[in-house]
Amino acid sequence: MALIQFRDLAQQGIIRDVPPHSLPLNAWSAGQNVRFHAGKAMRAPVLKTWARLGRPALFSCAYRPASLEDSIFFLGDDRRIYRASQAGDENVAPENWTPPASKLSPSSTSLGDVLYLNVPGAAPLFWGPESKKFTPLPGWDKDWSCRSLRTFGNYIVALNVSKGGTRIPQMFKWSDLTLAGQPPSSWDANDPTTNAGENVLEGLSSPIIDGLEMRHAFVVYASDQAYLVQQINNEMIFSFQRLGINGGVIAPNCVAEVNGVHYCFGTSDIYRHDGTSRESIADGRIRAHVFETLDRDATENFFTLYDTINGDVIFAYRSSSSDAVFQGKGCNQAAIFNIASSTWSFIDLPNIVQGYVASLEQGQRYLDMEKAGISFEMLFATYLDLEGGHTPSIVFASSTVPDMAPASRILAYDFVDTGKQKNLAVEAVCNAPAWIERTGIDLDLQGADLATYKQVLRVYPQASFARNPDTVRISVGGALTPSGGDQWKPAVLFDPIKQYKVDVRTGGRYFSYRYQVDALVDFELSGFDCDVASGGRR
């Protein structure tokens, strides 16, 4: 035989559900912490520490007003709400507010410069431009609660409502119209002077889990069904129609909207729909792997997030896969779908409890400077010069786990060397090595039949790095049958600065290749050649 060329390494991504020997030559059978773009396999963004939290976080969200800098909030394990900053945590929970202990996931939403936070079992709260503490919603009975709180047009929507001791799991309840910078003043469905109302979706056979806007409509999700809600120009306010998409969501916070399309983490599939047609984006690629390894006892921590920077949809979950590195009750893995290329990849997550988009460019607070002994007279600046920016970042909140340092964190999802957050620390305790592998390479389409014994002699990687990675590990293995298991040779160290090849020697009717970079460094693998010799027919 001769040199076998592996090119266009971003075309197929990672495919876990198809037997490796049936995959195209440029597909990958497994991998972690890589992504695929412009024909290359490359280091996925890492997690950079923006702030350490004073206590474990159960949930987190961001306040993103138009004219003020963003704020990061989290619900602590003491059932208090804190505003996080690099200077420390600030308790911003209402006075005498203690929500019941619950395993159900909180939710948050924003409208008109007001952030709404819902903790199931307690009355929802809001935070506005002038807020110093979170405040209960006006017009909302203190004995009411809901499963999820969302926005739709100029309304706030409560889903799966409990009124005192009466739970109404199919209820869709909406507020009166909101004004900019203010929460709605009424939720009274019996007051004809307001637009507030409620409707029980009797066609649902299971409780409402969540909902989200879709263009000019709203989709309500149960575990296996969905309803389309639209505004109408009469006293009914909304119309309700059951969707025939044959799908729901596995938990709250598990649907993301991208250009009028919903990407849903369902109970047995990952799919997208536009309100009319439904398409599985995981079936035949990673669906079986994800749903066979996910922890259904931890679904309340799952979430779906659109990465507006990289064009990816992130499906975060708790996995029992042997590939998962981190432990804890939060999400330790994410399956990432790139919309442009329709490829899948995976990343390790250090016990993440929520993700969202926010700006981390906070300005200096006068209170913090005062604590540090800095007065305004000592500054050669105006108050305007102390303001932060509004550059969006993908943000994750992690919770303490035994193998991490004793602090939960707010983390920025950013490329190591080429990212925007160059001043943030990249801690090894929050990140894992990047690796990709392909097993079951039989070369039958390259002229070697399945009876031919192949010998891999050398590998010529085509790789580039942002800086010297110190150590790159290349492993080659072989197998005699598709199900016989790979016999991996010890990894060979490769110096991409000084070497252009690595010498290996392994054999089998099927061979495997693994590329691993332990260092936290940006890299690109655009191709590689394997020098393969025939060992005869056996």
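The values are calculated or read from the model by the stated rules, or taken from the named source; none is laboratory data. Note that this is a predicted model, so its numbers are computed, not measured. Every residue, glycine among them, receives a Cβ derived from its backbone with ideal geometry; neighbour counts consider all protein chains shown.
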Keeping to the range 125-149, report how many residues are in a loop (DSSP other than H, G, I, E, B) and not aliphatic (A, V, I, L, M). 13
With the condition being touching an Asp or Glu at 6+ places or on another chain (Cβ under 7 Å) and of a type outside the set (Asp, Glu), I'd like the strands (runs of 3 or more DSSP E) fully within the range 217-258 carrying at least 1 qualifying residues. 217-221, 255-258
Restricting attention to the range 21-65, which residues are buried (at least 22 other Cβ atoms within 10 Å of the Cβ) and basic (Lys, Arg)? ARG35, ARG43, LYS48
Within the range 201-215, track down each residue that is part of a strand (DSSP E or B) and of a type in the set (A, V, I, L, M). LEU212, MET214
Over 16 Å from ILE352 (Cα atoms), outside the structural domain of ASP417 (by TED's automatic domain parsing), touching a strand residue (DSSP E or B) at 6+ places or on another chain (Cβ under 7 Å) and of a type outside the set (S, T, N, Q): is that true of ALA41 in this structure? yes
Strands (runs of 3 or more DSSP E) fully within the range 463-538 counting 1 or more residues that are in the same structural domain as PRO19 (by TED's automatic domain parsing), surrounded by fewer than 21 Cβ atoms within 10 Å (Cβ to Cβ) and without any contact (Cβ under 8 Å) to a residue 60 or more places away in the chain: 472-479, 492-494, 502-508
What about LYS422, is it assigned by TED's automatic domain parsing to the domain that holds GLN12 and either over 30 Å from the mean Cα position of the chain (by Cα) or surrounded by fewer than 16 Cβ atoms within 10 Å (Cβ to Cβ) (or both)? no
If a residue has to be surrounded by fewer than 18 Cβ atoms within 10 Å (Cβ to Cβ) and either modelled with pLDDT of 95 or more or closer than 12 Å to ARG52 by Cα (or both) to count, how many in the range 387-416 make the cut? 3
So ASP176 ticks every box in (1) charged (D, E, K, R); (2) buried (at least 20 other Cβ atoms within 10 Å of the Cβ); (3) part of a strand (DSSP E or B) but one. Which box is left unticked? (3)
List every residue pair whose Cβ atoms lie under 6 Å apart, where the two residues are 6 or more positions apart in sequence or sit on different chains, the first residue falls within the range 206-231 and is in the same structural domain as THR299 (by TED's automatic domain parsing) and surrounded by fewer than 20 Cβ atoms within 10 Å (Cβ to Cβ), and the second residue, located anywhere, is hydrophobic (A, V, I, L, M, F, W, C) and in a loop (DSSP other than H, G, I, E, B). SER206/ALA222
Having 2 or more residues that are modelled with pLDDT of 95 or more is the bar; report the strands (runs of 3 or more DSSP E) wholly within the range 1-108 that clear it. 30-32, 34-37, 40-43, 46-52, 57-63, 71-76, 81-84
Which residues, counting only those in the range 114-164, are more than 21 Å from ILE72 (Cα to Cα) and among the basic types (Lys, Arg)? LYS142, ARG147, LYS163
Checking the conditions here, which among GLU300, GLU279, GLU292 is outside any helix (DSSP H, G or I) and either of a type in the set (Gly, Ala, Ser) or assigned by TED's automatic domain parsing to the domain that holds PHE240 (or both)? GLU279
Just to be sure I understand the filter: pairs with C-beta atoms under 6 Å, separated by 6 or more residues or on different chains, first member in the range 53-70 and closer than 18 Å to PHE126 by Cβ, second member among the small types (Gly, Ala, Ser) and part of a strand (DSSP E or B). Which pairs pass? SER60/ALA397; CYS61/SER108; ALA62/ALA358; TYR63/SER71; ASP70/ALA62; ASP70/ALA358; ASP70/SER359
Can you tell me how many residues within the range 330-361 are in a loop (DSSP other than H, G, I, E, B), among the aliphatic types (A, V, I, L, M) and buried (at least 24 other Cβ atoms within 10 Å of the Cβ)? 1
